[in-house]
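Here is the structure we will look at.
Any read-out appearing in this document is the output of simple, stated calculations on the displayed coordinates, not a laboratory observation. Nothing here was measured: the structure is a model prediction, and the numbers come from that model. So basically every Cβ, Gly included, is an ideal-geometry build from the backbone, and we count neighbours across all protein chains shown.
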Amino acid sequence: MEITPHIRKLADELIGEMLSLIPMTQERLESALFELMLAISEQYSSLKRIDDLVRPEGLQLPDSRIQRAIGYIRDNLGQSLDVDKLAASAHLSRAQFFVRFRRATGMTPHVFVNTLRAEAACRRLAEQERSSLGRLAEELGFSDQGHFTRFIRGHFGVTPSEYRRVVQVYGSA
């Protein structure tokens, strides 16, 4: 996701205030964090879904073997990705599978899986208010909740709990 000038400005302002000798009030801190997370959420929601990138409306992927592999990945998103098995099931060598997969999707199988996991995580965090983060991490194939939290923070700059709070506040506004 691109960090827009607006997001960069909000982040820099927040950092500046946090490093200031005059401590921020709790209210100002929450307000600044909310503004930043809202800007990030808006930027993310403006991105196309991975389905749109892989399969533009009305267009089919040219290689049915890669289509089957993508279907398998979607159906088994919570499982670890074994590219050798995927390639073998597509009756392709590992190298040829990577070439064809990249040609069809514009990304490697691992990046594709991570993109699907990030998309699914955002959707589930927004939809499932009460679902535990540990259970969600397990459903998406992460080894533990800590790994899931690092993954989300690395991709979106906020923890899953923070993302969920912002989406809930934004959704009720």
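Quick look at the numbers
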{"quantity": "Computed lengthening from ARG8 to LYS85, 0.36 nm per intervening residue step minus Cα-Cα distance", "calculated": "23.6 nm"}
{"quantity": "Taking the range 59-112 and dividing mean pair separation by its residue count, relative contact order in percent (alpha carbons under 8 Å, at least six apart)", "calculated": "35 percent"}
{"quantity": "The range 65-173: translational diffusion in µm²/s, Stokes-Einstein, Kirkwood Rh over Cα pairs, 37 °C, 0.692 mPa s", "calculated": "219 µm²/s"}
{"quantity": "Ranking of LEU14, LEU36 by count of other Cβ atoms within 10 Å, fewest first", "calculated": "LEU14, LEU36"}
{"quantity": "Cα gyration tensor, the range 1-47 - rounded (a/c under 1.5), prolate or oblate", "calculated": "oblate"}
{"quantity": "Tensor-based shape of the range 59-112 (alpha-carbon gyration tensor, a/c under 1.5 rounded, otherwise prolate or oblate)", "calculated": "rounded"}
{"quantity": "FRET efficiency, THR108 to VAL169 (Cβ-Cβ, R0 41 Å, nearest 0.05)", "calculated": "0.70"}
{"quantity": "Added length on full extension, which subtracts the Cα-Cα distance from 0.36 nm per residue, GLU35 to ARG94", "calculated": "16.7 nm"}
{"quantity": "Per DSSP, loop GluC sites (Glu not before Pro) in the range 87-129 with at most 12 further Cβ within 10 Å", "calculated": "GLU129"}
{"quantity": "Between the range 1-37 and the range 100-122, the Cα center-to-center distance that results, in Å", "calculated": "31 Å"}
{"quantity": "³J(HN,Hα), Karplus 6.51/-1.76/1.60, whole Hz, each residue of the range 151-166, x for Gly, Pro", "calculated": "4, 5, 4, x, 8, 10, x, 9, 6, x, 5, 5, 4, 4, 4, 5"}
